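Colleague: Before anything else, here's the structure in question.
The values are calculated or read from the model by the stated rules, or taken from the named source; none is laboratory data. These numbers were taken from a predicted model, which means no experiment stands behind them. Neighbour counts are summed over all protein chains in view; Cβ atoms, including those assigned to glycine, are modelled from backbone coordinates with ideal geometry.
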There are 2 protein chains.
Amino acid sequence: MRQDDGQGAGAVLGDFVAAASWADIAGQSHEAKRSILNFFATAVGSAHDPAVTSALRTLAGFSGAPTSSIIGRPERLDALAAAFINAVSANLLDFDDTHLETIIHPTAPVAAPVLALAQARGFSGRDVLVAFILGVEVECRIGNAVAPAHYARGWHVTSTCGVFGAAAACAKLIGLSADGIKNAIGLAASQSAGIVENLPTAAKNVSVGNAARNGLFAALLAAEGYSASARAIEGPLGWARAMGDEPDLGRLLDGLGQSWEIAKNTYKPYPAGIVFHAVIDACFKLRARLDRRLDQIVLITVCGSALLLARGDRPVRNDRDARVSIHHCVACALLLGVAGVPEFSAATVFQPDIVAFRQKVSAEFDGSLPDCAARVNIKLASGEILGETVMAAKGSLADPLSDLDIERKLHECFRLSGTAWDADVIIGDVWRLDKITDMSHAMNQL
Amino acid sequence: MRQDDGQGAGAVLGDFVAAASWADIAGQSHEAKRSILNFFATAVGSAHDPAVTSALRTLAGFSGAPTSSIIGRPERLDALAAAFINAVSANLLDFDDTHLETIIHPTAPVAAPVLALAQARGFSGRDVLVAFILGVEVECRIGNAVAPAHYARGWHVTSTCGVFGAAAACAKLIGLSADGIKNAIGLAASQSAGIVENLPTAAKNVSVGNAARNGLFAALLAAEGYSASARAIEGPLGWARAMGDEPDLGRLLDGLGQSWEIAKNTYKPYPAGIVFHAVIDACFKLRARLDRRLDQIVLITVCGSALLLARGDRPVRNDRDARVSIHHCVACALLLGVAGVPEFSAATVFQPDIVAFRQKVSAEFDGSLPDCAARVNIKLASGEILGETVMAAKGSLADPLSDLDIERKLHECFRLSGTAWDADVIIGDVWRLDKITDMSHAMNQL
């Protein structure tokens, strides 16, 4: 499919989403299942976080019939409210997935409303997969059209583009026509919000939750006949330009159905900023070579790109800082040999040996290294120097998590959260999602 | 109060809103009552519009206990859903109020959630007035800080700033501390959305309704401990800059409590774009002078600013066009002698004599006239030329609607809508709003 020939980007996307069937997307369904499995891992992992509990308390009095699960918990709410809460928990620690070209965390805003709606109305697992893959496609293509300046200007791209993906996915799920899907996408444009300034606070959760909730709302309104401008995305006073971007319509519309954004999805092995993953991997390699000589370490030097230093060369005052700290990532990986959720909790962050070890770490610019690579050099008391360079971190497109890695991540998240939900049941259900005929029945069993 | 001295704009606003009492705002309460009366007029007037009925149908399955009235109708929904619907109906025809400096329609996004919440929780009429006046203050000051470039860039300022007003008003109403109000305002920044490209469609309703709903949501979340960045509005990656504006902190914060934005509110006598009101008034004057010689009119020339021509010199294809058409406004005012809701309905727009009369109208640029002024010249078959110039239209700050004018507007809106609600009861209640001790009781009577 070629780009906009006079009919507007929303109509091109609407035609594409309306026409796509299981046969068209089946080749992407395994990656979609991996994304959804990873979604359940992080959503359950944060299900009992105070931020999720507060949001649930806020919405409890404003829900219709409780058709849809709050993932990892016993409560249910209506599909709009459940979509909000489940997107919040899935994305809370930024431990979810990453579409690297845009830095969108694609699954939380799309899977949350699709699953909530599918449970409420009894759609099939195949319907869910089709809607989800197409929603991620719309979300990430709109992101591609404005990246990277969009985020740099202050827009939290997961929120601002997530609402489009949620709208397209939900409109597909409820079977809207091409015109209805176009309208849902246009209605999303009037609800796109979320700023980077608020990312270190709970306000981040609100824009991510709203992306999920309002995308579903857009689809429901479109089903009732609500319309939007044909050029809501790219018009002179439309979404992209109001946001400060000159949209790249080629990146938005070229090759629809030929390439798939879901194929570029990646999953994090560590709940830290994505640029720190190569640092952690290099430290794991060094730890194996050190063979218990940890007390002989005098100095650790981490070399990386300007982005790595800008994001991670900072004092650590709390657990939020720790997740974006070169020093803390090195301390955990070398000293503890692990970098999971507990290693980035306040308990570990303030542990005296970790605090002291962070002091031994310094960061150095190396322009020869790309953004997600790192070299770590260790100087021992003997004068010996050990070095490791990692160009593609575990979890990157070049070294992706295996299916088993994602299952292990899910087991670990479930264990830490104390949920009553059964990890094995979820894992089984997700891998055979295309065989489930009634999502209402399947989700009600969880 | 002086502007931000290091603590962030949100904190200055939070301190101001938290400290303000009835004694501080009582002097503004009459204008607030006029705004609320006008709000009931337009909300009831559009209560049975298909756009309102569709939104109601969409939300009916997603509401908690029905605590709050859908204005002008028998249905009730929870406060979040009612806030959405009532803001939509009040603003639907752009027949509501105007804060001229920003072109914000200030009341719909603020009064809708305040009234819905006051009814749900039984606050007093005085609480409503205090919250409403402070909400409008926050809304319009944030608008002042970014006007006029904000709207020109594609942001529907009523939606994007309305959410801040709703958040501040609702946070005040439920008695949050200064810090809680600051957080509610910051949470609004992550929910601010709405584009001009979508204004000719039902998508406009969604951003206006969301401003009301999400401002209330922000206050409820802040009450549960949700926080936001201290510089959500003005920070380097905050709301204003992401939106493309360099915020004028002086206009945002200087003279808080000394001047009041509600005092600058204006109310429309005609359901047409505000720049056309002087055109209509000039035509009424000419009609009186013409003394039934309407059939002798050969040509009508409307002279005005570039804004008038840009907004109103257009073909009329439907009722939406008619509300922003110089030609249609002239036709109704001269030929029919009225310019009310029926004159901008499809029935009148396609009436053959009106269609023919619109052809006699042409528009001419006159740089000597300010934006909301107009001169209308009529050429008769005899060669005689009659002219009228109106510098301040009826309803402007210089020639405001009287209290009785607003009551008449309300009666007319009620009559046309076919509502079962009683206009006299509403008028009585609004004028004595500060004497009502329980809004739950008062609203439940309507």
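Colleague: Among the listed residues B:Pro148, B:Pro106, B:Pro113, identify the single one that is surrounded by fewer than 24 Cβ atoms within 10 Å (Cβ to Cβ) and away from chain A (no Cβ under 12 Å). First the steps, then the outcome.
Modeller: Details: B:Pro106 fails: surrounded by fewer than 24 Cβ atoms within 10 Å (Cβ to Cβ); B:Pro113 fails: surrounded by fewer than 24 Cβ atoms within 10 Å (Cβ to Cβ).
Among B:Pro148, B:Pro106, B:Pro113, only B:Pro148 is surrounded by fewer than 24 Cβ atoms within 10 Å (Cβ to Cβ) and away from chain A (no Cβ under 12 Å).
Colleague: Somewhere in the stretch A:11-31, is a residue in contact with a helix residue (DSSP H, G or I) (Cβ under 8 Å, 6 or more places away or on another chain), crowded, with 19+ Cβ neighbours inside 10 Å, of a type in the set (Asp, Glu) and modelled with pLDDT of 95 or more?
Modeller: no
Colleague: Can you pull out the residues in the stretch A:285-299 that are out of contact with any Lys or Arg (no Cβ under 9 Å at 6 or more places or on another chain) and buried (at least 16 other Cβ atoms within 10 Å of the Cβ)?
Modeller: Taking the stretch A:285-299 and keeping what is out of contact with any Lys or Arg (no Cβ under 9 Å at 6 or more places or on another chain), we get A:285-293, A:295-296.
Selection gives A:Lys285, A:Leu286, A:Arg287, A:Leu290.
Colleague: Same structure again: When A:Trp260 is evaluated against the numbered criteria (1) within 21 Å of the chain's Cα centre (by Cα); (2) at pLDDT below 95, which criterion, by number, is the only one it fails?
Modeller: (2)
Colleague: Now for a different question. Is the stretch B:300-312 home to any residue that is closer than 16 Å to B:Val361 by Cα, over 24 Å from the mean Cα position of the chain (by Cα), free of Cβ contacts under 8 Å to residues at least 12 places away in the same chain and surrounded by fewer than 17 Cβ atoms within 10 Å (Cβ to Cβ)?
Modeller: No, the conditions are met nowhere in the stretch B:300-312.
Colleague: Go through the stretch A:179-199 residue by residue and tally those that are more than 23 Å from B:Cys161 (Cα to Cα) and out of contact with any Leu (no Cβ under 9 Å at 6 or more places or on another chain).
Modeller: Of the residues in that region, 2 qualify.
Colleague: Can I ask one more? Look at A:Ser159 and say whether it is within 12 Å of another protein chain (Cβ to nearest Cβ), of a type in the set (S, T, N, Q) and under 12 Å from the mean Cα position of the chain (by Cα).
Modeller: Details: within 12 Å of another protein chain (Cβ to nearest Cβ): yes; of a type in the set (S, T, N, Q): yes; under 12 Å from the mean Cα position of the chain (by Cα): yes.
Yes; evaluated as a whole, the condition is true for this residue.
Colleague: Restricting attention to the stretch A:210-244, which residues are of a type in the set (D, E, K, R), in contact (Cβ under 8 Å) with a residue 60 or more places away in the chain and out of contact with any Pro (no Cβ under 6 Å at 6 or more places or on another chain)? Full working, then the answer.
Modeller: Going through the stretch A:210-244, the residues of a type in the set (D, E, K, R) turn out to be A:213, A:224, A:231, A:234, A:241.
Checking the rest, the ones that are also in contact (Cβ under 8 Å) with a residue 60 or more places away in the chain come to A:213, A:231, A:234.
Once the filter is applied, which keeps residues that are of a type in the set (D, E, K, R), in contact (Cβ under 8 Å) with a residue 60 or more places away in the chain and out of contact with any Pro (no Cβ under 6 Å at 6 or more places or on another chain), the stretch A:210-244 yields A:Arg213, A:Arg231.
Colleague: Among (1) more than 27 Å from A:Ala242 (Cα to Cα); (2) among the polar types (S, T, N, Q); (3) touching a helix residue (DSSP H, G or I) at 6+ places or on another chain (Cβ under 6 Å), there is one condition A:Ser124 misses while meeting the rest; what is its number?
Modeller: Against the list (1) more than 27 Å from A:Ala242 (Cα to Cα); (2) among the polar types (S, T, N, Q); (3) touching a helix residue (DSSP H, G or I) at 6+ places or on another chain (Cβ under 6 Å), A:Ser124 comes up short only on (3).
Colleague: Let me ask something else about it. Mind checking which helices (runs of 4 or more DSSP H) fall wholly inside the stretch B:1-108 and carry at least 2 residues that are of a type in the set (A, V, I, L, M, F, W, C), in contact (Cβ under 8 Å) with a residue 24 or more places away in the chain and closer than 27 Å to A:Leu187 by Cβ?
Modeller: Numbers: elements: B:9-19, B:22-25, B:29-45, B:50-59, B:79-91.
So the answer is B:29-45, B:50-59, B:79-91.
Colleague: Tell me whether the stretch B:34-52 contains one or more residues that are among the basic types (Lys, Arg) and either within 17 Å of B:Asp429 (Cβ to Cβ) or touching a His at 6+ places or on another chain (Cβ under 6 Å) (or both). It would help to see each step written out before you state the result.
Modeller: Residues of the stretch B:34-52 that are among the basic types (Lys, Arg), as a first pass: B:34.
Narrowing the set further to residues that are either within 17 Å of B:Asp429 (Cβ to Cβ) or touching a His at 6+ places or on another chain (Cβ under 6 Å) (or both) leaves B:34.
Within the stretch B:34-52 (the criterion being among the basic types (Lys, Arg) and either within 17 Å of B:Asp429 (Cβ to Cβ) or touching a His at 6+ places or on another chain (Cβ under 6 Å) (or both)), the answer is yes, since at least one residue qualifies.
Colleague: Quickly run through the stretch A:32-89 and pick out the residues that are closer than 16 Å to A:Val128 by Cα, away from chain B (no Cβ under 14 Å) and of a type in the set (Ser, Thr, Tyr).
Modeller: A:Ser35, A:Ser69, listed by residue number.
Colleague: Shifting gears a bit: Return a yes/no flag: does the stretch B:134-141 have any residue that is crowded, with 24+ Cβ neighbours inside 10 Å, assigned to a helix (DSSP H, G or I) and within 14 Å of chain A (Cβ to nearest Cβ).
Modeller: Looking for residues that are crowded, with 24+ Cβ neighbours inside 10 Å, assigned to a helix (DSSP H, G or I) and within 14 Å of chain A (Cβ to nearest Cβ), one finds none in the stretch B:134-141, hence no.
Colleague: Looking at (1) out of contact with any Pro (no Cβ under 7 Å at 6 or more places or on another chain); (2) buried (at least 21 other Cβ atoms within 10 Å of the Cβ), find the lone condition where A:Asp78 falls short.
Modeller: Unmet condition: (1).
Colleague: Given the conditions (1) of a type outside the set (A, V, I, L, M); (2) loosely packed, with under 15 Cβ neighbours inside 10 Å; (3) under 21 Å from A:Ala263 (Cβ atoms), and given that A:Lys394 satisfies all but one, which numbered condition is not satisfied?
Modeller: Condition (2) is where A:Lys394 drops out.
Colleague: Between B:Ala346, B:Ala322, B:Ala339, B:Ala331, which is surrounded by fewer than 20 Cβ atoms within 10 Å (Cβ to Cβ) and aliphatic (A, V, I, L, M)?
Modeller: On the way: B:Ala322 fails: surrounded by fewer than 20 Cβ atoms within 10 Å (Cβ to Cβ); B:Ala339 fails: surrounded by fewer than 20 Cβ atoms within 10 Å (Cβ to Cβ); B:Ala331 fails: surrounded by fewer than 20 Cβ atoms within 10 Å (Cβ to Cβ).
Only one candidate qualifies: B:Ala346.
Colleague: Pick from B:Lys409, B:Lys379: which is crowded, with 20+ Cβ neighbours inside 10 Å and of a type in the set (D, E, K, R)? Can you show your working first?
Modeller: On the way: B:Lys379 fails: crowded, with 20+ Cβ neighbours inside 10 Å.
Answer to the selection: B:Lys409.
Colleague: May I ask you to list pairs of residues, at least six apart or on different chains, whose Cβ atoms are under 8 Å apart, with the first in the stretch A:168-195 being at the interface with another protein chain (Cβ under 9 Å from one of its Cβ atoms) and in contact (Cβ under 8 Å) with a residue 24 or more places away in the chain and the second being of a type in the set (Asp, Glu) and assigned to a helix (DSSP H, G or I)?
Modeller: As it stands, the answer is A:Ala189/B:Glu197, since those pairs meet every condition given.
Colleague: May I pose another question? Looking at A:Cys372 and the list (1) surrounded by fewer than 20 Cβ atoms within 10 Å (Cβ to Cβ); (2) under 19 Å from A:Gly312 (Cβ atoms), which single condition is not satisfied?
Modeller: Of everything listed in (1) surrounded by fewer than 20 Cβ atoms within 10 Å (Cβ to Cβ); (2) under 19 Å from A:Gly312 (Cβ atoms), A:Cys372 misses just condition (1).
Colleague: Moving to a separate point now. So B:Arg293 clears everything in (1) at pLDDT 95 or above; (2) away from chain A (no Cβ under 14 Å) except one condition, right? Which one?
Modeller: The failed condition is (1).
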